[in-house]
Amino acid sequence: MSSDSASPADPRRALRDVLIELRQELPNRLQRSAQLQEVLRVWLLRRPEKRIGAYWPIKGEFDPLPALYRWGEDQPQRRIGLPVKHKDSGTLSYHVWYPGCPMQEDAFGILKPLGTEAFEPELILVPCLGYGDGGLRVGYGGGFVERTLRQREPRPITVGLAYSVSWVPGLRAQVDDKPLDAILTDAGPAWGQLD
């Protein structure tokens, strides 16, 4: 996962820029997105969790919300949450999301649920700019996911979502990196330490 800072000396800064550009300019992103929707839907069928944290897609990220909506449809015990960033602690809390729920932009310009209940997710879907062997992830460098996970006990299951073209050969862990439990791509599961 990404480090807690995105300073100019950050060795992953150039990599992040390349990966964002690659993702935003993918000529077949809609097709890849449809394939990843199907991979995620099928993968969720076997999962026992009832509370899943996700994300609002930005910068060409895969949108997991359609697959999650289908997962939670007609199952009131299942909850879907989107993150709310807390600038003071640099962490995230997850608040109930449903299609049509009130939303507002946060300080970073990302939409978040407005006035919905917070909950602790059992599984968190994490967007990946890039990914590597062993469940390593390249994020945006803000460290929100990492700090949040350090505070959760028990730690939720973490599942990265990425387009298969975002694989980074030879990716090495940085100091605060913790591998994800699984990574799903449009080509299928790319990594997994889950049953």
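The values are calculated or read from the model by the stated rules, or taken from the named source; none is laboratory data. These numbers were taken from a predicted model, which means no experiment stands behind them. Please note: Cβ atoms are built from the backbone with ideal geometry, for glycine as well, and neighbour counts cover all protein chains shown. Heads up: the accessible areas ignore ligands, DNA and RNA and are worked out on the full protein's heavy atoms, side chains in. Shrake-Rupley method; radii C 1.70, N 1.55, O 1.52, S 1.80 Å.
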Filter result for Asp88 (among the acidic types (Asp, Glu) and surrounded by 14 or more Cβ atoms within 10 Å (Cβ to Cβ))
no
So how many residues does the stretch 114-136 have that are open to solvent by 10 Å² or more (accessible area, probe 1.4 Å) and in a strand (DSSP E or B)?
4
With the structure loaded, tell me whether Tyr55 is of a type outside the set (Gly, Ala, Ser) and either closer than 20 Å to Asp177 by Cβ or in a helix (DSSP H, G or I) (or both) or whether it fails that test.
yes
Suppose we filter the stretch 62-90 for residues that are more than 18 Å from Val159 (Cα to Cα) and touching a residue at least 40 places away in the same chain (Cβ under 8 Å); how many remain?
3
Is it the case that some residue within the stretch 141-160 is hydroxyl-bearing (Ser, Thr, Tyr), closer than 18 Å to Trp56 by Cβ and assigned to a loop (DSSP other than H, G, I, E, B)?
no
Of all residues in the stretch 165-195, count the ones that are closer than 21 Å to Arg46 by Cβ, polar (S, T, N, Q) and open to solvent by 10 Å² or more (accessible area, probe 1.4 Å).
1
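Under 27 Å from Leu15 (Cα atoms), at pLDDT 95 or above and in a strand (DSSP E or B): does that describe Val84?
So Val84 fails the test.
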Set Arg152, Arg147: member being under 20 Å from Pro48 (Cα atoms) and surrounded by fewer than 18 Cβ atoms within 10 Å (Cβ to Cβ)
Arg152
